[in-house]
1. Calculated FRET efficiency, Glu78 and Asn48, Cβ-Cβ r, R0 35 Å, to nearest 0.05?
2. Among Asp39, Asp84, which comes first, then next, by fewest other beta-carbon atoms within 10 Å?
3. Kindly rank 51-60, 65-74 from highest to lowest mean number of other beta carbons found within 10 Å of each residue.
4. Please compute the net charge surrounding Thr2, taking Lys and Arg as +1 and Asp and Glu as -1 over other residues with Cβ under 15 Å from its Cβ.
Amino acid sequence: MTLLHNFELLHGIYTILTTRQKKGEHLDYIEDINKFIIDNFLFGDDNNIKNDASLLENGIIDSTGVLELISFLEETYEITIEDDEMIPENLDSMDNINNFLKKKLNN
């Protein structure tokens, strides 16, 4: 990753955290996930991704993108995603990620 990419990632995390603080903590993370995916993988082009669409099968992210997504989730929500949690059932759609975060953050 380049220095510029790292800066953009950190700026995105800061924006999400400050936005969440302004509107209060919430249990639905779809908005945050959608913004991260649009900003980092679709270069700002909101092509109306369905929440249940496979991110891998639709070519939105690849294996490197999955690692970026995991890094974003761990830094943003201060969690650790274990190796056995890195499965499509948890990370392959915005709905799956949202449900995974709800479970992970409620434990």
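1. Efficiency at R0 = 35 Å is approximately 0.70.
2. So the ranking, lowest neighbour count to highest, is Asp84, Asp39.
3. Highest-to-lowest ranking by the protection proxy: 65-74, 51-60.
4. -2
Since every read-out is calculated from the coordinates, none of them should be taken as a lab result. Note that the coordinates shown come from a computational prediction; the quantities given were computed from them, not determined experimentally. Because the Cβ atoms are built from the backbone with ideal geometry, glycine has one as well, and the counts that use them run over all protein chains shown.
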